[in-house]
Amino acid sequence: MTYRRISIPVRVGKVTVGGDAPIAVQSMTKTDTCDITATINQIKELEDCGCEIVRVAVPDKEAAESISAIKKSASLPLIADIHFDYRLALAALQVGADGLRLNPGNIGNREQIAKVVAAAKEREIPIRIGVNAGSLPADFEPDAPLAERMVNMALEEIKLMESLDFNLIKISLKAFDVPTTIQAYGMIADKIPYPLHLGITEAGLPQAGTVRSAVGIGILLYQGIGDTIRVSLSAHPCEEVFVAYEILKSLGLRQRGPTLVSCPSCGRAEVDVIALAEAVDKHLKKISKPIKVAVMGCVVNGPGEARDADVGIACGKGKGAIFRKGEVVSTVSEDHLLEALMAEINSFSLEGGSLE
Ligand code: SF4
């Protein structure tokens, strides 16, 4: 995959979004923003798991003012998520938000938006025009297809911001319906030069939500569309970040932490491959460097099938073979499989291997 849609980069605090910057991973806190300690703690957890930009809900003035204290302890760029009241956007800017997300369906009239744009421009703070399929005004092009309505709503807002001489813009066009989302981003991609924030909104619980997000975000990224992603799951936000990286890793767009290759198991397996893979995965969570580790159920096919793994294990009856890059390097008894695999991973890491 070599093509990437060209966009004008914008800065969100210390992170560049768009241009040729790596596709940024973002999430949103799920705490009450006014609970400053809880919000700071969650931002720290997000930072530890690789999140690069964090958004906080700003439902009222107190939440907007909390941004000031949160920013003192949080090192991730902070985006204020605003609905309904443009004055909250002004308040968030005043206390140092690094970015704004506005919902054009409900944020206010031209005059009110002009006030927000003027304040953002003065501070060089970007604004994301975050169109959501569910909150389009009912009277906005009611007969047009949904994807078209979303795009036209965004284009209208972009025109307004451009008329105010403002171009620190990002766009998102999120729907729960995956084909609608893909159509909407596809339609807008060559109409505007601004970075695109991708997401499938309200994607659901982790299992189904991960699939929906991976399909929607993955198809767009594969088409070269998208500059930052947020996976929306009914789960702890670190799960969103984990899934976001798995999507990026599977397309070869970013690297973070180990990748586990494990066979599905079949009638040839002579150990419990699923339990072993789960145990290895648990251990790999402690490693932050990129390494590809394979867990294969049989010696006959295992090493060959996982040839591109850095280190792996192929199980046999009562024992297992440790391999590197498809070549068997040692054989160990079944009760030492995990221990031997972890030792091999450590030695691979110390020798340099493919770890960077
Ligand atoms: S690696 Fe062996 S056990 Fe695993 S699926 Fe392939 S043939 Fe079956």
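The values are calculated or read from the model by the stated rules, or taken from the named source; none is laboratory data. Since we're looking at a predicted model, the values are computed, not measured. For neighbour counting, all protein chains shown are included, and Cβ atoms are generated from backbone atoms with ideal geometry for every residue, glycine included. Each accessible area value is taken on the protein alone, full model and side chains, heavy atoms only, with ligands, DNA and RNA left out. Shrake-Rupley method; radii C 1.70, N 1.55, O 1.52, S 1.80 Å.
Looking only at segment 304-328, which residues are basic (Lys, Arg) and either more than 15 Å from Cys263 (Cα to Cα) or open to solvent by less than 40 Å² (accessible area, probe 1.4 Å) (or both)?
The answer is Lys317, Lys319, Arg324, Lys325.
For segment 243-251, indicate whether the set of residues that are in contact with a Leu (Cβ under 8 Å, 6 or more places away or on another chain), within 16 Å of the ligand (Cβ to nearest atom) and either open to solvent by less than 40 Å² (accessible area, probe 1.4 Å) or under 29 Å from Val300 (Cα atoms) (or both) is non-empty.
No, the conditions are met nowhere in segment 243-251.
Given the condition in contact with a Gly (Cβ under 6 Å, 6 or more places away or on another chain) and away from the ligand (no atom under 15 Å from the Cβ), answer yes or no: does some residue in segment 310-320 qualify?
Yes; the residues of segment 310-320 include at least one that is in contact with a Gly (Cβ under 6 Å, 6 or more places away or on another chain) and away from the ligand (no atom under 15 Å from the Cβ).
Restricting segment 275-303 to residues that are assigned to a loop (DSSP other than H, G, I, E, B) and away from the ligand (no atom under 14 Å from the Cβ), which is most open to solvent (accessible area, probe 1.4 Å)?
This residue is Lys286.
I'd like the full set of residues that are within 24 Å of Glu111 (Cα to Cα), open to solvent by 30 Å² or more (accessible area, probe 1.4 Å) and of a type in the set (Val, Ile, Thr), limited to segment 158-209.
Passing the criteria: none in range.
Which condition does Asp272 not pass, out of (1) surrounded by fewer than 22 Cβ atoms within 10 Å (Cβ to Cβ); (2) more than 14 Å from the ligand (Cβ to nearest atom); (3) closer than 16 Å to Leu338 by Cβ, if it passes all the others?
Looking at each condition in turn, Asp272 falls short on (2).
Quick one: count up the residues across segment 1-30 that are free of Cβ contacts under 8 Å to residues at least 24 places away in the same chain and either in contact with a Gly (Cβ under 9 Å, 6 or more places away or on another chain) or within 17 Å of Arg101 (Cβ to Cβ) (or both).
Qualifying residue count, segment 1-30: 1.
Does Leu155 satisfy the condition of being crowded, with 22+ Cβ neighbours inside 10 Å and touching a residue at least 12 places away in the same chain (Cβ under 8 Å)?
So Leu155 fails the test.
Any residue in segment 87-113 that's more than 24 Å from Lys14 (Cβ to Cβ) and open to solvent by less than 10 Å² (accessible area, probe 1.4 Å): show its pairings with residues that are among the charged types (D, E, K, R) and assigned to a helix (DSSP H, G or I) at Cβ separation under 8 Å, as long as the two are six or more apart or on different chains.
Ile113/Glu157
State yes or no: is Ala203 assigned to a loop (DSSP other than H, G, I, E, B) and either within 28 Å of Leu136 (Cα to Cα) or within 16 Å of the ligand (Cβ to nearest atom) (or both)?
yes
For segment 212-230, name all the residues that are open to solvent by less than 10 Å² (accessible area, probe 1.4 Å), among the hydrophobic types (A, V, I, L, M, F, W, C) and not in a helix (DSSP H, G or I).
Across segment 212-230, the qualifying residue is only Ile229.
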